[in-house]
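FYI, it's all coordinate maths here, none of it is from the lab. Quantities reported herein were computed from a predicted structural model and do not represent experimental measurements. Here the Cβ positions follow ideal geometry from the backbone for every residue, glycine too, while neighbour counts run over all protein chains shown.
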Amino acid sequence: MIVGDSKPLEEILEMIKGRDKVLVLGCRGCVTVCNVGGEKEVGILATALRIARKKAGQPPTVDGMTLERQCDPEYIEELAEVAGDYDAIISIACGVGPQFVAERYPEAAVFPGINTTFIGGALEHGVWAERCQSCGNCLVHNFGGLCPIARCSKSLMNGPCGGSAKGNCEISPEVPCVWHQIVEKMEKMGRLQELEKVWPNKNWLTSRDGGPRKRVREDLKQ
Amino acid sequence: MRLQYPASVRVIQLPCSGRVDILHLLKAFEEGADGVYVAGCMEGDCHFLTGNFKARRKVNYVKKVLEQLGMEPERIEMYNMSSAEGPRFAQVAREFTQRIQELGPSPVKAAQAA
């Protein structure tokens with residue numbers, strides 16, 4: 001899923017300064033699963049903003065609404081009747097949400113209420129870790145199912161580097177060295193010799209280096 | 001036992017302190033409560049094992065929200081007491097009421113009254 005973090009309330013309050021009617025817009029997709037932008041968080045943020053407004057003696061109109069997804073136009077369409085009623089729309093979806101809302105409703109003032117941080121998974125309830133960097137060319141099967149692009153601080157294809165110590169990365173003892181894990185895993189699987197292969201420079205054209213990405217599926221397009 | 005505690009304390013019963021939600025706590029402040037405290041069972045004595053620990057974490061979350069809103073985090077607190085400790089319940093009610101009286105009315109209520 002796409003994992004995000006709530007923006008500090010001070011930052012959000014500064015964004016919506018002077019805007020009377022505010023809508024907090026949640027998303028039932030990834031951000032609901034990582035507990036940062038779903039219906040519950042819409043309620044919490046809207047309530048906190050109303051408290052701030054009441055405290056400052058300002059009009060407390062802060063409503064909440066949660067869309068099925070904010071990354072599909074048909075759900076963004078549900079806003080059509082209400083978008084014009086608000087002076088600010090705070091989207092607490094991933095970075096796609098505020099952009100889709102702003103594209104569909106060009107007159108609306110749209111603000112991001114969360115910071116989109118990474119593509120990852122839950123290690124346990126309340127703990128998430130990065131697992132994918134969407135490089136556009138998945139190779140994890142060569143490394144025992146562990147991704148050296150997303151999980152090595154230097155995205156090394158031929159590791160580990162000299163900074164690997166006691167199984168941890170030199171950037172922090174809290175960060176495991178994924179190359180240490182790869183070697184251990186491959187050894188356990190009896191596939192250590194596969195790591196003798198020297199990988200050439202990775203072609204980053206499939207990643208962000210090739211510019212913004214777009215996919216067209218002719219079989220699905222209507 | 002007929003113990004006295006301040007009439008300003010409004011008791012809201014929950015099946016377990018773990019049932020309390022961040023939204024419940026924030027709503028109370030939105031509606032103008034000067035202070036909110038959660039009275040849970042003694043740590044280690046939760047019938048549902050971790051309800052009171054969860055309540056404490058939610059209280060701590062709301063403390064941070066209040067701080068970000070420029071309100072005193074002391075306006076919300078978590079207390080642990082056994083259901084057999086009537087005198088402690090009354091004592092905590094008095095202590096917390098005293099604390100809130102020292103902090104004064106909630107700025108939410110004050111701004112609305114103005």
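Give me P(r) over the range A:2-118, computed from all C-alpha to C-alpha distances, binned every 10 Å, as integer percentages.
Cα pair-distance distribution for the range A:2-118, in percent: 16, 52, 29, 3.
Mind checking B:18-27 for the average number of partner chain beta-carbons within 10 Å of each residue's beta-carbon?
Taking the mean over all residues of the peptide, I get 3.
Is there a simple number for the mean count of other chain Cβ atoms within 10 Å of the Cβ of residues in A:45-58, and what is it?
Neighbouring Cβ atoms belonging to other protein chains average 6 per residue here.
How large are Rg and Dmax for the range B:10-83 when calculated on the C-alpha trace, in angstrom?
Expressed in Å, the Cα Rg and Dmax of the range B:10-83 come to 12.0, 36.
Looking at chain A, which longest stretch skips every one of the GluC sites (Glu not before Pro) that is in a DSSP loop with at most 14 other Cβ atoms within 10 Å, leaving the sites themselves out?
The answer is A:1-67.
Name the residues whose placed amide hydrogens come within less than 5 Å of the amide hydrogen of A:Ser91, ignoring near sequence neighbours (fewer than 5 apart) on the same chain.
Correct list: A:Leu25, A:Phe111, A:Gly113.
Can you give the convex hull volume of the alpha carbon atoms of chain A per residue, in Å³?
Taking the convex hull of the Cα positions in chain A, it is 167 Å³ per residue.
Where Lys and Arg each count +1 and Asp and Glu each count -1, what net charge lies around A:Gln70 among other residues with Cβ under 12 Å from its Cβ?
It works out to a net charge of -3.
Find, among the chymotrypsin sites (Phe, Trp or Tyr not before Pro) in the range B:1-84, those assigned to loop by DSSP (not H, G, I, E, B) with at most 14 other beta-carbon atoms within 10 angstrom.
Counting only loop positions with at most 14 other Cβ atoms within 10 Å, the chymotrypsin sites (Phe, Trp or Tyr not before Pro) in the range B:1-84 are B:Phe48.
Per residue of B:65-73, how many C-beta atoms from partner chains lie within 10 Å of its own C-beta, taken as a mean?
Whole-number average of other-chain Cβ neighbours for B:65-73 is 4.
Please list, by residue number, every one of the GluC sites (Glu not before Pro) in the range B:1-109 that is coil in DSSP and has at most 10 other beta-carbon atoms within 10 Å.
none
What's the Kirkwood radius of the range A:65-145 in Å, using all Cα pairs?
Radius from the Kirkwood sum: 14.9 Å.
If you average the C-alpha positions of the range B:85-102 and of the range A:9-33 separately, how far apart do those two centres end up, in angstrom?
Centre-to-centre distance over Cα atoms comes out at 37 Å.
With only Lys, Arg, Asp and Glu charged, each at its Cβ (+1 for the first two, -1 for the last two), find how big the charge dipole of chain A is about the Cα centre; round to the nearest 20 debye.
With only Lys, Arg, Asp and Glu charged at Cβ, the dipole is about 560 debye.
Would you mind listing how long the range A:133-202 runs along its three principal axes, going by Cα atoms, in whole Å with the largest first?
28, 27, 18
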